[in-house]
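Take a look at the structure below.
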Amino acid sequence: MGDFETVIYEKRDNVGYVTLNRPQALNAYNLKMRDELYQALGAIEDDPEVRAVILAGAGERAFCAGADLTEFLTAPPPVAARQVRWERDIWGLFLGMTRPLIAALHGYVLGSGVEMALCCDIRLASEDARFGLPEAGLGIMPAAGGSQTLPRSTGPAAALDMLLTGRWLDAAEARRLKLVNRVVPRPALLPEAERLAHRIAGHSPLAVSHARQAVNRGLEMGLEQGLELEARLARALLNRP
Ligand code: COA
């Protein structure tokens, strides 16, 4: 797993560390990164030792400054179309993960960076983080789930404010709007993410997985169906061999 170009994958103490690694381009998300994320997340899914995952960005300046504009807006139409499809796939890929993901967000968190963060279960931000969806200004729109995941976190009004105006949020406002769970000083970002990951890794993987399913699948259901799902998952935990 050591030979990726755009992603670093490491594993320590039951925690997987996935780091977006194009700091010279503010970790902009390109097709290579998409492919390598696919492989890294796939390796995690195949590895029962990994019980929680931290997603972070390399370098001082950014978690991810969005889709790579040199590839995206200049690519010929078939490639652009493929990119849109792949961005959708990455949403499915993240959401299909059976291990919980913690996003550690610093610096620029733009476009696909916001969308990747929204695919994670818990979002931590450092005080210097800046969030924005510049797509409308570029004549495009989020295509990695953002138009659906953002309002599920912030509610529709705040989501539409970000989506339609392209206005950036600082970390404090992102916290107020429920885009992130918590804001910490920059030096505390990774240690705090690790603290949470280790807490999760210390719990029963099945209990963690069922709680996660109850919330994520239940959100798509009416209350009655959601309660049935909860009961089913809780029973399955009690009845396990
Ligand atoms: N795609 C490709 N390269 C990008 C990038 C992106 N989305 N964002 C930044 N980079 C590159 C820059 O081209 C620059 O490369 P260079 O040093 O080879 O010239 C490097 O990262 C540093 O960025 P730079 O623009 O010089 O830093 P800055 O501090 O002046 O500005 C931003 C930072 C984030 C405001 C600015 O880079 C930006 O607006 N990026 C695009 C954001 C965006 O629209 N994303 C797409 C969403 S769909």
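Among 228, 173, 60, the sequence by solvent-accessible area, most first, with a 1.4 Å probe is 60, 228, 173. Candidates 143, 205, 111 compared by Cα position along the dipole of the chain: farthest toward the positive end lies 205, with charges placed on Cβ. Residue-wise HN-Hα couplings along segment 214-219, as the Karplus relation 6.51 cos²θ - 1.76 cosθ + 1.60 with θ = phi - 60° gives them from phi, are 4, 6, 5, 6, x, 4 Hz; Gly and Pro carry x. Computed from label points 7 Å out along Cα-Cβ, the spacing between residue 140 and residue 182 is 3.4 nm. Where is the GNM fluctuation largest for the chain (alpha-carbon springs, 10 angstrom cutoff): 211, 52, 40? Of 211, 52, 40, the Gaussian network model singles out 211 as fluctuating most. Here the 3J(HN,Hα) profile of segment 45-57, calculated from phi with Karplus coefficients 6.51, -1.76 and 1.60 at θ = phi - 60°, is 4, 7, 10, x, 5, 7, 10, 7, 10, 10, 10, 9, x Hz, Gly and Pro shown as x. Projecting the Cα atoms of 219, 15, 174 onto the charge dipole of the chain (Cβ charges, centred on the Cα centre) puts 219 farthest toward the positive pole. When the chain is treated as a Gaussian network with alpha carbon springs shorter than 10 Å, the biggest mean-square fluctuation among 16, 222, 146 belongs to 222. Surface composition of the chain: carbon plus sulfur atoms hold 56% of the accessible area, using a 1.4 angstrom probe and ignoring ligands, DNA and RNA. Here residue 183 sits with roughly 50 square angstrom of accessible surface, probe radius 1.4 Å. Across the chain, the fraction of Cα-Cα pairs farther apart than 35 Å, rounded to a whole number, is 11%. Each Lys or Arg adds one and each Asp or Glu takes one away; over the other residues whose Cβ falls under 14 Å from the Cβ of residue 236, this sums to +3. What segment 7-200 shows is 43 Å² of accessible area per residue, with the surface traced by a 1.4 Å probe over protein heavy atoms. In the chain, excluding the sites themselves, the longest stretch lacking any of the trypsin sites (Lys or Arg not before Pro) that are in a DSSP loop with at most 16 other Cβ atoms within 10 Å is 62-166.
Here the Karplus relation 6.51 cos²θ - 1.76 cosθ + 1.60, evaluated at θ = phi - 60°, turns the backbone of segment 117-130 into coupling constants of 4, 5, 7, 8, 7, 10, 10, 10, 10, 8, 4, 8, 6, 10 Hz, with x for every Gly and Pro. Between segment 107-124 and segment 181-234, what is the separation of their alpha carbon centroids in Å? The two parts, judged by their Cα centres, are 17 Å apart. Work out, in µm²/s and without decimals, the Stokes-Einstein translational diffusion coefficient of segment 108-241 at 10 °C, 1.306 mPa s, Rh from Kirkwood over C-alpha pairs. The Stokes-Einstein estimate is 96 µm²/s.
With a Förster radius of 35 Å applied to the C-beta separation of residue 206 and residue 148, the computed FRET efficiency comes to 0.80.
The values are calculated or read from the model by the stated rules, or taken from the named source; none is laboratory data. As the structure is a prediction and not an experimental result, all values here were calculated from the model. Ideal geometry is used to build each Cβ from the backbone, glycine not excepted, and the neighbour counts take in all protein chains shown. Accessible surface areas use protein heavy atoms only, side chains included; no ligands, DNA or RNA. Shrake-Rupley method; radii C 1.70, N 1.55, O 1.52, S 1.80 Å.
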